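The values are calculated or read from the model by the stated rules, or taken from the named source; none is laboratory data. Only a predicted model underlies this, so the values are computations on that prediction, with no experimental measurement involved. As a convention, Cβ positions derive from the backbone with ideal geometry for all residues, glycine included, and neighbour counts pool all protein chains shown. We work out accessible area using only protein heavy atoms, side chains counted, and drop any ligands, DNA or RNA first. Shrake-Rupley method; radii C 1.70, N 1.55, O 1.52, S 1.80 Å.
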Amino acid sequence: MMYLGIDLGGTNISAGITDENGNILVKASTPTMNGRETEDIIDDMAELSKRLMTELKVSEKDIEAVGIGMPGTMDKKKGISLYANNLNFNNVNVVDEMKKRIDLPCYIENDANCAAIGENVCGVAYGNKNIIYITIGTGVGAGIIINGKVFDGSFGGGGEAGHMVIVAEGEECTCGRKGCWEAYASATALRREGRIAAAKYPNSKIYDLVDGNIKLIDAKTVFDAADMGDEVANGIVDMYIKYVAIGLVNLVNIFQPETIIIGGGVCAQGDKLIKPITKILNERVYGGELKTKICVATLGNDAGIVGAAMLGKINREEI
């Protein structure tokens, strides 16, 4: 049996066809070009899916279902994306629109939940019953699995850990509120602080790495400058890691999961991120003893594809 998974992000649309165990047989991606009409983006999702089928020399009748992971809250039973503040998919019936283009059973799920499913099915959290997946990119998303089931609350929007407030009346978040974890722990936040610092300290390595073109500074630039021993960059990274850790402390204290997995672009920093975060958690978790394993996602950007593909299998098994 084969399943089709689509990971819809603000930057890229990634898709893949997997076997029933979540192994990717073929995959591809295309730019989202966020800001376009939703119909155009769904057209691209369908075209990408058809291209993969052609490459694998299969047709729709060979695929069991298509799953779509995307940001925001949704009514999964009706297939409607209710609200996605980083992507203009508000009150859009994604399932109905996709079925107009591909004649397959279709399911939607929050993208972080899909990544959590992927890591739980064949990644670093294989076999765990209680896990939390944190994806750090443009925003901060969370996928929470409790007793082997995705937790999304009573109304489909549970698990939005990126929008818990960690600084009262702090930085403005894309959701319109202030002080959200996302406003401090996202790659966007690190980029913001890097650009502010480069403008203030033109002698810093952050400034040098982009030849003075501050608009080119991203999260990786700040980490790279810190690796070069830049004092300004190290100060930003240290504060950034503290903010990431504060949110994780809250999650450990509330859920006490077996594993917390960090994914998204920032996870490429590996131990440079995990070791100091783990140290802070050991100092700050309630009770003073960290039992939760903190680790980097092993499936990388494929976790969302695998998890989305497995939506078809999960839903079929629950019928």
Accessible heavy-atom area order of PHE223, PHE155, highest first, probe of 1.4 Å: PHE155, PHE223
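Which entries in LYS57/LYS99; LYS215/LYS293; LYS178/LYS215; LYS57/LYS149; LYS200/LYS275; LYS77/LYS149 show an alpha-carbon gap greater than 26 Å? Numbers along the way, then the final one.
On the way: LYS57/LYS99 21 Å; LYS215/LYS293 36 Å; LYS178/LYS215 24 Å; LYS57/LYS149 34 Å; LYS200/LYS275 29 Å; LYS77/LYS149 16 Å.
From the list (LYS57/LYS99; LYS215/LYS293; LYS178/LYS215; LYS57/LYS149; LYS200/LYS275; LYS77/LYS149), the Cα-Cα distance tops 26 Å for LYS215/LYS293; LYS57/LYS149; LYS200/LYS275.
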query: Of the chymotrypsin sites (Phe, Trp or Tyr not before Pro) in the stretch 242-319, which ones lie in a loop per DSSP and count no more than 13 other C-beta atoms within 10 Å?
result: TYR286
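Given a 1.4 Å probe, how much area per residue of the chain is accessible, in Å²? Walk me through the intermediate numbers first.
On the way: 14760 Å² over 319 residues.
Normalised by residue count, the accessible surface of the chain is 46 Å².
Is it possible to state the helix-based mean residue ellipticity at 222 nm for the chain, with each DSSP H run of 4+ residues giving -39500 (n - 2.57), the sum divided by total residues, to the nearest 500 deg cm²/dmol? What is it? Let's see the in-between values first.
Numbers: 10 runs with 125 residues, N = 319.
Roughly -12500 deg cm²/dmol at 222 nm, from the helical runs in the chain.
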- request: Name the aspartates and glutamates eligible as straight-distance cross-link partners of LYS50: C-alpha to C-alpha under 20 Å, and not fewer than 8 places from it in the same chain.
  value: ASP7, ASP19, GLU20, GLU39, ASP40, GLU60, ASP62, GLU64, ASP96, GLU97, ASP103, ASP302
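When averaged across all projection directions, what area in nm² does the alpha-carbon convex hull of the chain cover?
Values: hull surface 65.7 nm².
With the hull built on Cα positions only, its mean projection is 16.4 nm².
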- prompt: What is the diffusion coefficient of the stretch 164-225 in µm²/s, taking the Kirkwood radius over Cα pairs and the Stokes-Einstein relation at 4 °C with a viscosity of 1.567 mPa s?
  reply: 107
- request: Please report, largest first and rounded to whole Å, the three semi-axes of the ellipsoid equivalent to the stretch 29-92, where each semi-axis is the square root of five times an eigenvalue of the C-alpha gyration tensor.
  value: 24, 15, 8
Protection proxy ranking of 44-54, 188-198, 95-105 - average other beta-carbon atoms within 10 Å, highest first: 188-198, 44-54, 95-105
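Of the accessible area of the chain, with the probe set at 1.4 angstrom, what percent is carbon plus sulfur? Please report the intermediate quantities before stating the final value.
Values: 7130 of 14760 Å².
Solvent-exposed carbon and sulfur of the chain make up 48 percent of the total.
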³J(HN,Hα), Karplus 6.51/-1.76/1.60, whole Hz, each residue of the stretch 233-239, x for Gly, Pro: 5, 4, x, 5, 5, 4, 5
message: Just to verify a number: what accessible area does CYS267 come out at with the full protein assembly present, 1.4 Å probe, Å² rounded to tens?
response: 20
query: Amide H to amide H, which residues 5 or more places from LYS178 or on other chains are under 5 Å from it, using H placed in the peptide plane?
result: CYS173
query: Under a 5 Å amide H to amide H cut-off, with H placed in plane at 1.01 Å, what residues pair with TYR83 once short-range neighbours are removed?
result: THR73, ASN91
J(HN,Hα) series, the stretch 182-199, from Karplus relation 6.51 cos²θ - 1.76 cosθ + 1.60, nearest Hz, glycine and proline x: 4, 6, 10, 10, 6, 5, 4, 5, 5, 4, 4, 5, x, 5, 4, 5, 5, 5
task: Order the peptides 136-143, 233-240 from the highest to the lowest mean number of other Cβ atoms within 10 Å of their residues.
output: 136-143, 233-240
- request: Quick one: accessible surface of ASP271, probe radius 1.4 Å, all protein chains present, in square angstrom to the nearest 10.
  value: 100
- request: Any chance you could check the Cα centroid distance between the stretch 280-319 and the stretch 176-192 for me, in angstrom?
  value: 22
- prompt: Dimensions of the stretch 74-122 along principal axes (Cα, Å, largest first)?
  reply: 31, 28, 17
- line: Relative to the compact-globule estimate 2.2 N^0.38 Å (N residues), the Cα gyration radius of the stretch 12-154 stands at a ratio of 1.04
- request: Just report the Cα centroid separation between the stretch 45-63 and the stretch 107-155, whole Å.
  value: 26
query: ³J(HN,Hα) across the stretch 29-38 via Karplus (A = 6.51, B = -1.76, C = 1.60, θ = phi - 60°), whole Hz, x for Gly/Pro?
result: 8, 8, x, 6, 6, 3, x, 6, 4, 4
task: Using a 10 Å cut-off on Cβ atoms, rank the peptides 33-42, 107-116 from the highest mean neighbour count down.
output: 107-116, 33-42
query: In whole angstrom, and with the biggest value first, how far do the Cα coordinates of the stretch 173-319 range along each principal axis?
result: 60, 38, 32
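How much space per residue, in cubic angstrom, does the convex hull of the C-alpha atoms of the stretch 248-319 take up?
Values: hull volume 7.2 nm³, N = 72.
Value for the stretch 248-319: 100 Å³ per residue.
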